[in-house]
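The structure under discussion appears below in the form of structure tokens.
Read-outs: derived from the displayed coordinates by stated rules, not from any lab. Remember, predicted model here, so these are calculated numbers, not experimental data. Virtual Cβ from ideal backbone geometry, glycine too; neighbours counted across all protein chains shown.
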Amino acid sequence: MLKEKFIEGDPLWMAPVLLTMIFGLAIAIERVLYLALSNQNNDKLLKGIEDALKSGGKSAAMEYCRNMRGPVAAIFYQGLDKMEEGIEIVDKAVVSLGSVETGKLERGVSWLSLFIALAPMLGFLGTVVGMIQAFDAIEIAGDISPTLVAGGIKVALLTTVFGLIAAMILQIFYNLIIAMIDNLVNKMEDASISFLDIVAAHLKK
């Protein structure tokens, strides 16, 4: 039914709404996959770093991080690289790279937010233009006939319906992505604290 109604709508306004939804979904799916792949077992990573430091020192721990995927491993690699400069420098390196990695996680989210706002606005604009055209038809005919304006008004309202549907679908993905980012950032911060404790303990030896 949605497909039939979409075809009935004005292509001039339905096409931008459809493109907005396609681009928004492309960004959303890419972000979900990226964030899912960025998630990792931080406890296992920390244990591996601790064991590597004990058995092979800094170089072994850096090699372990290099072979692991995800933003947390990249942050810890940078921190290990600064170990010889002291725990304060390690802390600064972890914080700095943490901000960079957080930015990578949030990349594209602003565009998704734009498409969420744009889809219903395009729908409303199509509706307003369609209503104006319907009233123009009434003015030209000089008569208010239901059959004269019903078709035009229906087409105009369909753009709003599909604009709202597109926005709702993208909003669900947006909330999912924000929740995934918050979860990853919280895990990253918790793991960073434990990482600094491991490095500090190693430097004291």
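Key figures
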read-out	value
Proximal lysines relative to Lys204, as straight alpha-carbon distance under 18 Å, when same-chain residues fewer than 8 apart are discounted	Lys54, Lys58, Lys82
Separation of the Ala117 and Lys44 label points, Cα + 7 Å toward Cβ, nm	4.1
Translational diffusion coefficient (Stokes-Einstein; Kirkwood radius from C-alpha pairs) of the stretch 1-102 at 25 °C, 0.890 mPa s, in µm²/s	146
Residue (of Met180, Leu118, Thr160) at the positive-pole extreme of the stretch 8-204, dipole from beta-carbon charges	Met180
Helical segments meeting 27 Å axial Cα length and Kyte-Doolittle 1.0 threshold in the chain (DSSP H)	11-38, 109-141, 146-204
Relative contact order [Cα under 8 Å, 6+ residues apart], the chain, whole percent	32
Helix-only CD estimate at 222 nm, as mean residue ellipticity for the chain, using -39500 (n - 2.57) per DSSP H run (n ≥ 4)	-32000 deg cm²/dmol
For the stretch 8-204, radius of gyration divided by Kirkwood radius, i.e. Rg to Rh on alpha-carbons	1.32
